[in-house]
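To keep things clear, I will list the structure first and then write my remarks on it.
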Amino acid sequence: MTESQHDPAEIKKSRRSRLWRINLYFFAVFTLFAALIVKLGLVQIVNGEAYEQEASKTEAKIASYPAPRGKMYDRYGRVVVDNQSVPAITYTMMTSTKTEEKISTAKKLAELIDIDPSFLKERDLKDYWLARHPKKAAALLKDGEKTLKSDQTYKLQVDRVPAEEIKALEKDKDELKVAAIFRRFSGGYAYEPQIVKAMSPKTEGKNDAQLLDEKASKQMPANDLTYEEVSRVSEHLEELPGVDVIMDWTRKYPYEKTLYSIFGGVTTPEQGLIKDREDFYLTRGYARNDRVGKSYLEYQYEEYLNPKKAKVQYTENRSGKVISQETVDEGRRGYDLQLTFDMELQKKVEEAIEEELNKFRGSNYMLDRAFVVMMDPNNGDILSMAGKRIIDGKITDYSIGAFTTQYEMGSAVKGATVLAGYQDGMPHGQMYLDNGKLTFAGPVIKGSYTDTIGWANEVKALQKSSNVYMFHVAMRIAGITYVPNGPLPANLEDLNKMRYYFNQFGLGVKTGIDLPQESAGMQTNPKIVGGLLLDEAIGQFDTYTPLQLAQYMSAIANDGYRVQPRVVKSIHQPESEKLGSVIEERSANVLNKINNSQSDIEIVKTGLKRVTQLGGTAAGTFGSLDVSGKTGTAQAPYYGTNRSWWGTMSYNLTFAGYYPSKNPEVAFSVVVPSMTTDKGGINKNIAAKIVKAYVDLQKKYSKD
């Protein structure tokens, strides 16, 4: 042992050094604890509230649930388009939902419901396969491609899905069901409820035995939900995250197929928004799977019929887990429409058309359609718009054809021809000789060929339907003096001048009806006009719609005003069992006044009244009813549903008129194209039946 080891001074020095290091260590620990305490104080006292808010931060998401569209009522308050509640199975994806969770839920749901996968397309199958096999999907990419944007890599994966995998999937019925449900799950964004399967009105109210029988006989749509499926799914909702059973709606038609085509259709949840108007809808707050009107009234009045959907607020925490949900808006159905139609009159008009089609089609092999339009000439209300078409031997609704298809109308337009003559300077009482025909160089023969009425003024010409008289009016308008066997130097300018006069009545221009896809009729611009000008004067060149013919006759009936036709009178707040308060009234709209004096119109009215009296072309048609109007016959090529007959000459039989002759209440047109003969009077038969139906109903309404 050395001396230094026992040296008290050294020992003391060593102790002081050790104590100093221990003190330094304790000081450091104390400093750290002090700093920690200060930091904790800052966190809890100064910034505590902010950190607490951040820790408990949540995010609210809004899900919209379906509400029914607005109803439609006829002019007397009868419901014509209604809604019916039906159960539906929906799926709502959360923000945190993973693809494998969706597939797992789809598998479980496939065990509880049946679904027809026939709607799946190849792209749907590829999407499902990629979601179902993520490792195989990743292997489809090369190393250098994995750094591309996700949409680019996914497109490459879709293109590279092995064909044999898709073929194998197509053969596996159980897997196809899962794929179909997965496709329904993936129809929209997070918190957009997707309808997986819904009950249709045909299914609602029937027991499962009836449904099984209908399904076996293929009377029931393959994807109609059954009560048994609703029960099974309801019992297993806890095992099906995102799945729910709700009450959805579907359209119901109390008058069945009456006016069905005019009411139009609504897209399904699978179809969603109309593709070429998708941006229009999205900017107005629609979801991609929202049902919208896709045709006619449903389409035209979408902004009113569209409901205000019920809204449920889901609150998520920072991890995306839903911690609460609350209904924030009960929603409401869309606004209701009151239409101008009288549905009882509509039914009787359709019955009249069907009766006459059945009566005449046996002897007229080309006959395949007929139309009627009845309107109030004073305000444009369409009281009835009926069309029937024969397809495969069955008579079907074709009401839309009254304003979307066009025909040569024949002599029904002669009232417009006389009024055009007046506008061009023809004096009242103008006489022309009708000896049956006019002859021109060529040779060209124009006339009625057999009927000879001698000297006639405009009233007699209308009563007897003189073609020759109207030819003289047309030549006068064109500045042509008739010379037997002479030239007929009419040109396109003359034809367009005649068209200008006709346009004032609505012939050859759109009527302005509040329905989409209206036709303006058809006009051609021939290089050589000649006798075509004369054909125009008797309704055998340009074509018009049955609606245009009714608007033209309305303009005469109301003393010269072309009124815009309308099918919606007013828009109402939704109420449960009746029309609610008015939010918008659709007022009558006069489009133009024809350039004729009252005396001009009165003379033509006299001629139209004579048509239905003794000696007229419709004498005896209406019995004691005081009807004015004009018959029409046009020879025209057949362009109906049977293409093998296209181009075959046929007859279009028409009638345009109004009732009563004094202070008219209703103007109407009857158009029956493609008769093989001009005999039999189908046009007049229909006209007589519809006017009688109108009169009988007015008597009934006055007593109610």
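With a 1.4 Å probe and all protein chains left in place, how much of the accessible area of region 484-622 comes from carbon and sulfur atoms, in whole percent?
Answer for region 484-622: carbon and sulfur cover 50 percent of the accessible area.
Highest first, please rank the peptides 585-596, 75-86 by the mean number of other Cβ atoms sitting within 10 Å of their residues.
Ranking the peptides 585-596, 75-86 by packing returns 75-86, 585-596.
For the chain, find the longest principal axis of its Cα atoms and tell me its angle to the long axis of helix 122-132, 0 to 90°, nearest 10.
10
For L438, enumerate residues with amide H under 5 Å from its amide H, sequence gap 5+ or separate chain, H modeled in the peptide plane.
K446, G447
Tell me the mean residue ellipticity at 222 nm calculated for the chain from its helices only (DSSP H runs of n ≥ 4, each -39500 (n - 2.57), averaged over every residue, nearest 500).
That comes out to -11000 deg cm²/dmol.
Would you grab the residues whose amide H sits under 5 Å from the one on R369? Only those 5+ places off in sequence or on another chain, please, with H modelled 1.01 Å from N.
For R369, whose amide H was placed from the backbone, the distant partners under 5 Å are I390.
Go through 152-162, 632-642 and give me the packing order, highest mean Cβ count within 10 Å leading.
632-642, 152-162
Among the DSSP beta bridges whose two residues both lie in the chain, what percent are antiparallel, rounded to the nearest 5?
Bridges in the chain that DSSP calls antiparallel: roughly 95 percent.
Which distance in Å, rounded to a whole number, links the C-alpha centroids of region 653-697 and region 552-567?
So the two Cα centres are separated by 17 Å.
Please get the size of the charge dipole for region 561-704, origin at its Cα centre, with Cβ charges of +1 on Lys and Arg and -1 on Asp and Glu, quoted in debye to the nearest 20.
Here region 561-704 has a charge dipole of around 320 debye.
Within region 347-452, count lysine pairs with alpha carbon atoms under 20 angstrom apart where the residues are 8 or more positions apart or belong to different chains.
Pairs that pass both the separation and distance tests number 11.
How large a share of the accessible area of region 289-390, in percent, is made up of carbon and sulfur atoms when the probe is 1.4 Å and the other protein chains stay in place?
C and S fraction of accessible area: 38 percent.
Report the FRET efficiency, 1/(1 + (r/R0)^6), for K149 and K578, where r is their Cβ-Cβ distance and R0 is 45 Å, rounded to 0.05.
With R0 = 45 Å, the Cβ-Cβ based efficiency is 0.20.
Taking 0.36 nm per residue of sequence separation and subtracting the Cα-Cα distance, how much length would be gained by fully extending the chain between S96 and K252, in nm to one decimal?
52.3 nm
Could you point to the label whose value was computed as Cα extents along the principal axes in Å for the structure here, given (i) 91, 59, 54; (ii) 165, 62, 55; (iii) 90, 52, 47?
Entry (ii).
State whether region 542-661 is rounded, prolate or oblate according to the following rule on the C-alpha gyration tensor (a ≥ b ≥ c being the square roots of its eigenvalues): a/c under 1.5 gives rounded; otherwise a/b larger than b/c gives prolate, and the remaining case gives oblate.
Oblate is the answer for region 542-661, as a/c is 1.5 or above yet b/c matches or exceeds a/b.
With just the Cα atoms of region 460-504, tell me how far they stretch along each of the three principal axes, in Å, largest first.
Reported extents, whole Å, longest axis first: 33, 30, 11.
For a test of the definition: using alpha carbon positions, the gyration tensor, and the 1.5 limit on a/c, classify region 450-586 as rounded, prolate or oblate.
Prolate, because a/c is 1.5 or more and a/b exceeds b/c.
As a quick test, which of the pairs K98/K126; K136/K173; K605/K692; K98/K177; K177/K308 have an alpha carbon distance above 26 angstrom in this structure?
K177/K308
With the other protein chains left in place, how much accessible area per residue, in square angstrom, belongs to the chain at a 1.4 angstrom probe?
That works out to 49 Å² per residue.
Please give the peptides 621-627, 453-459 ranked by average Cβ packing (other Cβ atoms within 10 Å per residue), highest first, as a rough proxy for protection.
Peptide ranking by packing, descending: 453-459, 621-627.
Taking the Cα centre of the chain as origin and charging only Cβ (+1 Lys, Arg; -1 Asp, Glu), how large is the dipole, in debye to the nearest 20?
That gives the chain a dipole magnitude of about 760 debye.
How large is the convex hull of the C-alpha atoms of region 232-302 per residue, in Å³?
Value for region 232-302: 131 Å³ per residue.
Out of residues 5 or more away from S650 or on other chains, whose amide H comes under 5 Å of its own, with H placed 1.01 Å from N in the peptide plane?
The list, which skips near neighbours in sequence, is A636, Y638.
Helix 492-503: angle to the longest alpha-carbon principal axis of the chain, degrees 0 to 90, nearest 10?
Approximately 80 degrees, to the nearest ten.
In whole Å and largest first, what semi-axes does the C-alpha gyration tensor of region 381-496 yield when each eigenvalue is scaled by 5 and square-rooted?
One finds semi-axes of 33, 17, 16 Å for region 381-496.
What FRET efficiency comes out for S587 versus L32 if R0 is 60 angstrom and r is the Cβ-Cβ distance? Round to the nearest 0.05.
Step by step, r from the Cβ atoms, then E = 0.10.
Calculate how steeply helix 414-423 sits against the longest principal axis of the alpha-carbon atoms of the chain, using the helix alpha-carbon long axis, and give the answer as 0 to 90 degrees to the nearest 10.
Computed tilt is about 80 degrees.
The values are calculated or read from the model by the stated rules, or taken from the named source; none is laboratory data. Note that the structure is predicted; figures quoted are calculated from it, not measured. As a convention, Cβ positions derive from the backbone with ideal geometry for all residues, glycine included, and neighbour counts pool all protein chains shown. Remember, those area values only see protein heavy atoms, side chains included, never the ligands or the DNA or RNA. Shrake-Rupley method; radii C 1.70, N 1.55, O 1.52, S 1.80 Å.
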